Amino acid sequence: YVWPSPQLDALEALRWDQAGVNTSSGTQVIAGFVEPCGAFLGADNTGRANVADWIRTAYHDMATYNVTDGTGGMDASIRFAEETARPEDVGDGFANTLAILGDTGNPLVSIADMLAVGAIMAIENCGGPVVAFRGGRVDAVAPNNPGVPEPQDPLESHIAAFARQNFTQTEMIGLVACGHTFGGVQNAAFPQIVPVLNDPNNTDSVSHFDSTFTHFDHNIATEYISGTTQNPLVVGLNDTTNSDKRIFGSDGNATMLSFANSADLFASTCASLFAKMLNTVPAGVQLTEVINPLPVKPDYLHFNLGADGKSLQFSTQVRLWDLPNPNSTHTVLMLWDDRASNSNSTSTPTSTNNVTLVPSKVVTAAGGRFTASWYSSPLLTLDAFRGITNMRFLVDGKLEDQDGIGFAVADDIVWSDTSCVTSDFNSATYAVAVRKSLAPTRVYLETPGQDNISRPISVETDLTLQPVVANATYNIWSVELNGVFDSFTIGAEVGGVKISRQDPRSLSSLEVCA
Ligand code: HEM
């Protein structure tokens, strides 16, 4: 996709900006919760792992899908108490998952998208394959019909349940094996399957599906085929609840044998099946394209209009994906156009304004498979009238301009230096500068919130237009807030359309008022 695009930028950051980065869109950085892979809500030796809860939660959210009428699927309906009270959704893993993934931090990102990215982070950071991610899931407004398979159900019922979810019998075997490479069965949820283990290294008494329950690997299949498995749904004392045994054996073990014989086949099959599971959404929901990392992504654009209204301070960072030799310093030049440069993106780069960016950090994603090298600009002082309209980058001499389009920069709604906080840090004036050419009907501060069914929304606080000198480039809108410690981004309504700018400010980031 072409940058900027508010929703895709936020989803891309959520998906790809991991360890060592705070996403600029405010979306949570999830990877830290599955690092190390045995992490579980800050407690040790429980026998449990966030990775297992997150993957099971995604499956249970999806498993209500009905291919015939298009209801159910990945829509975060698992957050409704009515669903988690059902016997098919026993256990505290769903509540644990939602405590971390239920707050998206950005109204453009649904809880269902967070559940999908959570499952992907768990898989990718803990030995599994890269799973293609599409965004755009829509959060359900009410619980879905029941439909998650249970261990005591007969094989025919499992085949029928997966068919309703749009998975064939072979896909059922695969998806159950792919899921059950993580985690296990807990005593508290299934006392009839797992006894109290009295093990100080497994205080929640979890009987694991394979010997590596915090990691993705094909041990679920090798141990099953070799007959050494301890999987409680295969070798459980009560055969009625041995659902993995019936499912794995339902094609004469052909699928499980192929997985045992090839770790690669298992990984590639799971990559497809997990993606299919996560992309199973209610009819009418249109998912985005697969969100791959942008090779060059500007981020953290930061603006301040000077108190005199004449100078515009600007800085930016740029993320360069998977550079060769990421740890050596690369030459990164930012070129930009303004309202006075008689240039467009096809003009020779040297004819425009330019500045050298400095390396700030190199981080990794997807369990160390990729690197992201961040470079930042100094704080530039621009002429407010000329502003900045478009950026391009020269990376080791190679022009990066999104195939000639450049990276469009909006300097029309920015923070004003007349924003300030009182010396007792109790009251702040938030002032926003809007180019006179824009003429919005409303300008407001945005802060993340939730509606009454916990969907992410943006809470808006209106600003008032202030008088400015006649020849000013920007109008100023402002509001004074007492005792409010939230972090705000800026929004405006122009011709009935809402636009938002990242670049958050909070009381603690403002200058003390003169
Ligand atoms: C017939 C289908 C299935 C049955 C009967 C079944 C049954 C179970 C049971 C009884 C548990 C124990 C839960 C607990 O003690 O909290 C469990 C755990 C788990 N299931 Fe399944 N499952 C099925 C399919 C799947 C699928 C398709 C996936 C994912 C792709 C999956 C992923 C998981 C994971 C990751 C856990 C571990 C949770 C933890 O350790 O906290 N399951 N499953």
May I ask you to list pairs of residues, at least six apart or on different chains, whose Cβ atoms are under 9 Å apart, with the first in the range 82-93 being open to solvent by 40 Å² or more (accessible area, probe 1.4 Å) and outside any loop (DSSP other than H, G, I, E, B) and the second being among the small types (Gly, Ala, Ser) and more than 10 Å from the ligand (Cβ to nearest atom)?
-> 82/142; 84/95
Residue tally, condition farther than 29 Å from residue 435 by Cα and either polar (S, T, N, Q) or touching a residue at least 40 places away in the same chain (Cβ under 8 Å) (or both), over the range 349-402 | 18
Looking at (1) buried (at least 19 other Cβ atoms within 10 Å of the Cβ); (2) not in a helix (DSSP H, G or I); (3) not polar (S, T, N, Q), which is the only condition residue 217 fails?
-> (1)
Those residues of the range 224-252 which are more than 22 Å from residue 169 (Cβ to Cβ) and either among the charged types (D, E, K, R) or part of a helix (DSSP H, G or I) (or both), in sequence order = 226
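Residue-by-condition table, conditions (1) touching a Ser or Thr at 6+ places or on another chain (Cβ under 9 Å); (2) basic (Lys, Arg); (3) not assigned by TED's automatic domain parsing to the domain that holds residue 366:
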| site | (1), (2), (3) |
| --- | --- |
| 114 | yes, no, yes |
| 137 | yes, yes, yes |
| 152 | yes, no, yes |
| 161 | no, no, yes |
| 168 | no, no, yes |
| 177 | yes, no, yes |
| 181 | yes, no, yes |
| 203 | yes, no, yes |
| 206 | yes, no, yes |
Subset of the range 266-289 [more than 24 Å from residue 77 (Cβ to Cβ) and either among the charged types (D, E, K, R) or touching a residue at least 24 places away in the same chain (Cβ under 8 Å) (or both)] = 266, 267, 268, 269, 270, 271, 289
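To keep it simple, each residue is scored yes or no on (1) in contact with a helix residue (DSSP H, G or I) (Cβ under 9 Å, 6 or more places away or on another chain); (2) within 16 Å of the ligand (Cβ to nearest atom).
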residue: 3; (1), (2): yes, no
residue: 28; (1), (2): yes, no
residue: 35; (1), (2): yes, no
residue: 45; (1), (2): no, yes
residue: 52; (1), (2): yes, yes
residue: 63; (1), (2): yes, yes
residue: 70; (1), (2): no, no
residue: 86; (1), (2): no, yes
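Per-residue answers, yes or no, for (1) surrounded by fewer than 18 Cβ atoms within 10 Å (Cβ to Cβ); (2) hydrophobic (A, V, I, L, M, F, W, C):
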residue: 378; (1), (2): yes, no
residue: 388; (1), (2): no, yes
residue: 392; (1), (2): no, no
residue: 412; (1), (2): no, no
residue: 418; (1), (2): no, no
Could you grab the pairs with beta carbons closer than 6 Å, sequence gap of 6+ or different chains, first residue in the range 176-189 and in contact (Cβ under 8 Å) with a residue 24 or more places away in the chain, second one within 6 Å of the ligand (Cβ to nearest atom) and in a loop (DSSP other than H, G, I, E, B)?
-> 189/91
Subset tally (residues that are within 8 Å of the ligand (Cβ to nearest atom), in contact with a Leu (Cβ under 8 Å, 6 or more places away or on another chain) and of a type outside the set (A, V, I, L, M)) for the range 169-186 = 2
State which residue pairs qualify: first residue over 17 Å from residue 21 (Cα atoms) and in contact (Cβ under 8 Å) with a residue 40 or more places away in the chain and inside the range 32-45, second residue of a type in the set (Val, Ile, Thr) and part of a helix (DSSP H, G or I) in any location, beta carbons under 6 Å apart, and separation of 6 or more residues or different chains.
-> 37/51
From the options 136, 128, residue that is surrounded by fewer than 24 Cβ atoms within 10 Å (Cβ to Cβ), over 10 Å from the mean Cα position of the chain (by Cα), at pLDDT 95 or above and not in a helix (DSSP H, G or I) = 136
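Just one of 413, 388, 405 is of a type in the set (A, V, I, L, M) and in contact with an Asp or Glu (Cβ under 9 Å, 6 or more places away or on another chain); which is it?
Values: 413 fails: in contact with an Asp or Glu (Cβ under 9 Å, 6 or more places away or on another chain); 405 fails: in contact with an Asp or Glu (Cβ under 9 Å, 6 or more places away or on another chain).
None of the other options fit; the residue is 388.
The values are calculated or read from the model by the stated rules, or taken from the named source; none is laboratory data. Computed from a predicted structure; not experimentally measured. A quick note on method: Cβ atoms are made from the backbone with ideal geometry, for glycine too, and the neighbour counts reach across all protein chains shown. Just the protein is used for accessible areas: all its heavy atoms, side chains included, with ligands, DNA and RNA removed. Shrake-Rupley method; radii C 1.70, N 1.55, O 1.52, S 1.80 Å.
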